[in-house]
1. So which residues in region 27-43 are open to solvent by 30 Å² or more (accessible area, probe 1.4 Å) and either within 17 Å of Ala129 (Cα to Cα) or not assigned by TED's automatic domain parsing to the domain that holds Val94 (or both), if there are any at all?
2. Give region 353-378 a look and list any residue that's outside any helix (DSSP H, G or I) and open to solvent by 70 Å² or more (accessible area, probe 1.4 Å), or say none.
3. Within region 210-254, which strands (runs of 3 or more DSSP E) (wholly inside it) include 1 or more residues that are touching a Leu at 6+ places or on another chain (Cβ under 8 Å), at pLDDT 85 or above and among the charged types (D, E, K, R)?
4. Quick one: Lys350 ticks every box in (1) under 48 Å from the mean Cα position of the chain (by Cα); (2) open to solvent by 50 Å² or more (accessible area, probe 1.4 Å) bar one, so which box is it?
5. Restricted to region 389-411, and to residues that are over 43 Å from the mean Cα position of the chain (by Cα) and of a type outside the set (Gly, Ala, Ser), which residue is surrounded by the most Cβ atoms within 10 Å (Cβ to Cβ)?
6. Does region 314-324 contain any residue that is at pLDDT 90 or above, hydroxyl-bearing (Ser, Thr, Tyr) and farther than 29 Å from Pro452 by Cα?
7. Looking at (1) open to solvent by 10 Å² or more (accessible area, probe 1.4 Å); (2) hydroxyl-bearing (Ser, Thr, Tyr); (3) assigned to a helix (DSSP H, G or I), can you tell me which one Thr465 breaks?
8. Please determine whether any residue of region 323-344 is assigned to a strand (DSSP E or B) and of a type outside the set (A, V, I, L, M, F, W, C).
Amino acid sequence: MRFLKNWRYTNDLALIDAALLVALAPVILVVKLPMQLFVLVAVGFIWQKRRSWQYVLLFLGAVAVGVSFFALFASTDLSRFRIFVEFIISLLLVAVAVQRLQERLNFYLLISPFLLMSLGLFYYESISALFFTILQLFIFTVLLLHSRMRQGLLDAVRMGVIVFFISAPVIVVLFLFFPRISFDTKDFGFKGRQLGAAGHDGQMYVDDRALKVLSKEVVMEVEFPSGFPSSQLYFRGSVLYENEGNSWVETDNPPNARPLAQKEEFITYNVTLYPHYKTYLYALDYPVSLPKKAKLERGYVLKAQKPIFQTKRYEMRSAQNYRSLQNSIDPQALHYDADKNPQTRKAAKKLRGIDEPAKRLEALKDLFRKQKLRYSLEPPAYDLQNYVDAFLFDQRVGYCVHFASAFAVSARMAGLPARVVTGYKANMQNRVENYIVIRREDAHAWTEIYLPKQGWVRVEATALTAGGQSGEEGALEAVDRVKTAPDPWELRLLYLKYRIQSWVLHYNYLKQQDFFTKLLRDRQFLTLFVLSVLFLAVLGVSIFALLRKTRCKDPAVCLMQKLLAHLQKRGVVKDRSRSLHGFLSAQRDPGLEQIDRLYHRIEFAPDAHKKELKTLKRLIERYIKEQ
């Protein structure tokens, strides 16, 4: 704090350097290596004050830009918005370096920190980036005030805090009511470099390559604006028909999905999907709407046109009650290897005698329950030549991929069309209000069986464990408890981050219209909004008054300031050029003369006692009271 207090104004170029340093911090990470090297060289030139080398610096800058974008000049990639922004940033860095080398303050140098900060916003999308941007604005404000006030930096910081709090209500109102431009793409805003989360690649293994993900890395965040659904949440990833022994794969070139024969109980939700470098877009069973540039393939698998390399947000609508009927069944849904798994084939053959498919399915479930299967993420090695027999009759332990695969093969042997679906099953431990986090460890596999009157029906084979007699819900909750419970503080922090991203970083035209509608129709919401703005205004004024008030460190001086304020109210004003002793003596007032003698004794006499300060306080209070 003493450092800030003693820091005095030097010159505007030094303040510009400080502002540029703050603005460059995030931007320097997005430009290419030649431009980073150019910035280092430019700093050296400026430090050595090589003003006559400005053309050399300009030439080096042109070379750095040319090397950075040489491969793009002859292609159409330069039309991509983010590359175009990087190109503009590179040119701006060269211009700023040349201008700063001349050591002359001009309009371009003054606005360059704000330009660099604004262009950097296109590359970052995170809460930390948001707060850093606010910090940048605060530092810019403090430096500007310091330049104009010509006082200590601490005074500029105090005034900057006042400006920020006073402007808070205005900023909130402008943010909510300023007209929004609706873009087709939502790639504007803070752009974050998220690490890719594990997605699905259209394959599932039951051998030592079997999917077993224990990472808590976030795959997607889902919000249900109209209320959280009561049922289990299954997000479809890939639908696998072809069984190749110890693996399942997608069908090559699958046709588009057929319309649902029946769809009811619709639910709308918002998905924030993080990069996984594949085309899968996850949606609840069964999706009835499509995001832009997406398609619905066979098995109601939702896919984007291009792999997901950036965070993608999309709104979905799904039917919770549905029937997915087909005119004919793909032969692949009944295919199995007749030379393997003899025990399972023998048991399934007995089930073929049940004519009604729905009852045959229930009988197959009972067969799995009777085996007293156990759920474990560390199953023993299986006989891969007869994997289903090994799982169902020997080891009798495994996790979702083993349950789903064994049930699908057994169903086909019993004459029931079956397929395997991979995706994510939401863990309710990761829920906060109408929001839930889907993590990599929530990756899941289940089976779908085709029944003539009902269409494709989901069968949660993992629930057919030894504890599954208490019901599917109870068994699945037990499976979720195998996973490590999330940290409640981390979950709340994720929720807060999501809310800030939804209402600040992604406050678009549609959300603004929803806000206006609610403001006009909901009186309670309108009252709450007005009170919130008033609260911010009162808070800002209070902090302004608190910070603006001069702090007095000397108790005796504080007491005398109180006396002078009282005299000023009576019309007796002390001139700044006049000493305190001269001012009080000129009043010809015995009470003031007594106060004056005691004050100067306390301030200057070496043998002054602390008790005399209390006497001074009592004299001043009595004087004010008697007047």
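The values are calculated or read from the model by the stated rules, or taken from the named source; none is laboratory data. The model shown is predicted, which means the values in this text are computed figures rather than measured ones. Here the Cβ positions follow ideal geometry from the backbone for every residue, glycine too, while neighbour counts run over all protein chains shown. We work out accessible area using only protein heavy atoms, side chains counted, and drop any ligands, DNA or RNA first. Shrake-Rupley method; radii C 1.70, N 1.55, O 1.52, S 1.80 Å.
1. Scanning region 27-43 gives Ile28, Leu29.
2. Selection gives Asp355, Glu356, Lys372, Arg374, Glu378.
3. Correct list: 218-223, 234-240.
4. So Lys350 meets the others, but not (1).
5. Filtering first and then ranking leaves Leu392.
6. yes
7. So Thr465 meets the others, but not (3).
8. yes
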